[in-house]
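Contents: one structure, followed by commentary.
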Amino acid sequence: MAIPVLSIRNISTTPLELKLLERFEPAEEKGGVNITKITRTFSGFMSNITSPTSPQLAQKAESFSHQDVSIPIASFETKTTDIQPKEKENLRLTFEVNGERYRVDAPTPNQRSTVLKPLSHNPSYEFTAVYLPKFSFLTIFSSTKLNSWMSNLKDETPLAALSIPGTHNSPTYHTALPSVRCQAVSVKDQLNNGIRFLDIRVQPSDPNNPNEEGLILVHSAFPVSLTGNKYFRRDLVQHINKFLDDNPTETIIMSVKREGVGRATDQQLNPARWFTENRIPTLGEARGKIVMIRRFGLDDSLKGENNGTGFCIDAESWPDNCADGTCSSGEIRVQDFYEVAESVNIEKKIKLSTDQLERAAKAVAVLPGDMAAASAESAKQPLFVNFLSASNFWRANCWPDRIAAKVNPSVTEFLCRKHNESMSTEHPEGANIGDGSTGIVVCDWVGIDGDWDLVRCILAMNAKLEMREKEPTKEEHVSKEEDAPEMNGAPVEKDASEEKDAPEEKDAPEEKDAPGEKDAPGEKDEPKETDAPDETDASDKKVIPDEKDP
């Protein structure tokens with residue numbers, strides 16, 4: 001099969017320019033005559049790569065060439081080149097941003113993401129690249145601190161507008177049946193690597209005893225661990241509390257589903273740690289807290305909470321095994337098709353997952369002062385929840401790890417190449433296609449062998465929203481014009497080119513756009529964190545409720 005021409009996609013808010021292209025061909029490793037090949041230079045566009053730069057690349061190369069180029073790639077732009085990469089060829093690309101240079105090599109030996117190597121002292125930016133060898137496609141986005149990525153966003157940001165990575169059956173990382181285990185790493189590691197949505201299933205430790213308050217972490221009818229029961233408060237909530245104490249800019253969305261039978265009631269949660277109103281909060285309201293999505297019935301004593309609006313975000317009417325469903329509250333739109341009878345049906349699951357990504361990408365968040373976005377359609381933006389998980393207990397090739405091994409790379413590829421792409425099949429003329437959010441993407445087996453590329457790609461899709469939040473609104477533009485200095489009682493015009501008799505004002509400051517200033521996303525300096533709400537120990541009050549370990 002012919003190797004595709006090279007393409008580069010810039011998903012960062014910072015324009016890039018490819019300045020230097022270097023090409024290497026691997027040396028022969030076995031006996032025989034080595035024939036040196038001089039790689040042709042070219043004037044067309046060149047691209048691509050991901051992976052850590054290799055210091056020994058030139059030493060191991062059979063041939064080498066380099067060429068100065070000037071290929072600009074604007075923010076959120078994809079450029080396709082006329083360059084046909086050669087088989088087994090290594091590329092080294094050097095990009096320039098505001099006078100600083102960053103380098104990346106491709107392909108990478110492990111075919112994972114890599115941070116571009118800065119060639120300047122004290123670099124202002126940090127970029128990550130993902131290279132897809134099958135498509136000769138390089139995607140570049142701003143790096144982010146995975147443990148505190150929400151600090152890049154304003155308090156007024158609606159939680160539904162974010163691209164949020166999550167995990168399905170989040171605590172199922174313990175030694176367990178292969179059909180039960182869905183995760184590779186602990187909840188603590190998940191949170192430190194960017195996960196902000198946790199899917200939790202619980203059941204009473206003694207269903208026949210209404211006075212027994214212990215809640216066991218389960219996956220369907222099975223405990224999450226074969227080495228002993230794990231409990232909601234002791235083995236989960238205390239780790240979440242510690243993470244939020246250490247990272248007060250963050251919030252955790254927790255979906256709680258009651259599985260099994262029992263009469264244990266759900267008591268009021270500590271308001272200093274939990275957001276329990278029946279609505280989607282802003283990020284500022286939720287920082288330092290756990291936002292609960294309730295997938296269980298309410299005790300009568302809680303139905304009058306929050307002035308009669310109910311307790312927690314209502315998802316009791318969760319649509320089962322659905323391709324595209326909505327909870328009766330209207331707050332959640334979900335893709336949760338999980339019955340994969342045969343491995344051939346995994347392709348259907350992938351398609352349903354990418355369809356939900358496209359639905360989420362079209363939404364436009366309502367931001368303060370942005371009247372254009374404040375339409376009725378925008379105001380009703382739900383939480384898009386997209387489960388990449390599926391399984392079949394009776395077929396080993398459809399257990400969670402096997403399905404994730406196919407679904408996760410496919411979704412990563414979709415995000416890099418197609419998600420919110422302005423010239424996609426659905427939008428051939430490049431129409432306004434929304435903020436590009438992914439919504440909440442719920443995954444199995446992320447972080448296995450240190451692979452967090454899917455999570456990084458999900459987080460990269462917050463870039464458009466971050467850029468919108470940094471742009472002045474129309475009201476701010478008007479305010480600036482009203483505050484302009486006056487001359488003879490009239491405001492000074494910013495553009496006096498039409499007034500031929502007007503004297504030249506040599507001292508007037510020149511106004512220029514500076515998209516690459518040091519407050520742009522992708523820089524190492526992060527926005528100043530806002531104060532998180534006061535937090536008290538969640539153990540002061542019952543958390544659905546206290547457990548009594550047997």
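Selection of helices (runs of 4 or more DSSP H) fully inside segment 274-361 by the criterion of at least 3 residues being at pLDDT below 95 returns 305-308. Of all the criteria given as (1) crowded, with 23+ Cβ neighbours inside 10 Å; (2) of a type in the set (S, T, N, Q); (3) more than 16 Å from the chain's Cα centre (by Cα), the one not satisfied by Gln67 is (1).
Listed by position, the strands (runs of 3 or more DSSP E) inside segment 73-192 whose residues that are outside the structural domain of Phe232 (by TED's automatic domain parsing) number at least 2 are 77-80, 90-97, 100-106, 127-132, 137-142.
Looking only at residues of segment 230-272 that are at pLDDT 95 or above and assigned to a loop (DSSP other than H, G, I, E, B), we find that the one that is surrounded by the most Cβ atoms within 10 Å (Cβ to Cβ) is Thr251. Selection of segment 1-24 for residues being among the acidic types (Asp, Glu) and out of contact with any Asp or Glu (no Cβ under 6 Å at 6 or more places or on another chain) yields only Glu22. Put simply, of Leu91, Leu116 the only residue that is buried (at least 24 other Cβ atoms within 10 Å of the Cβ), modelled with pLDDT under 95 and touching an Asp or Glu at 6+ places or on another chain (Cβ under 9 Å) is Leu91.
The values are calculated or read from the model by the stated rules, or taken from the named source; none is laboratory data. All values reported here derive from a predicted model rather than from experimental measurement. All Cβ positions, even for glycine, are placed from backbone atoms using ideal geometry, and neighbour counts span all protein chains on display.
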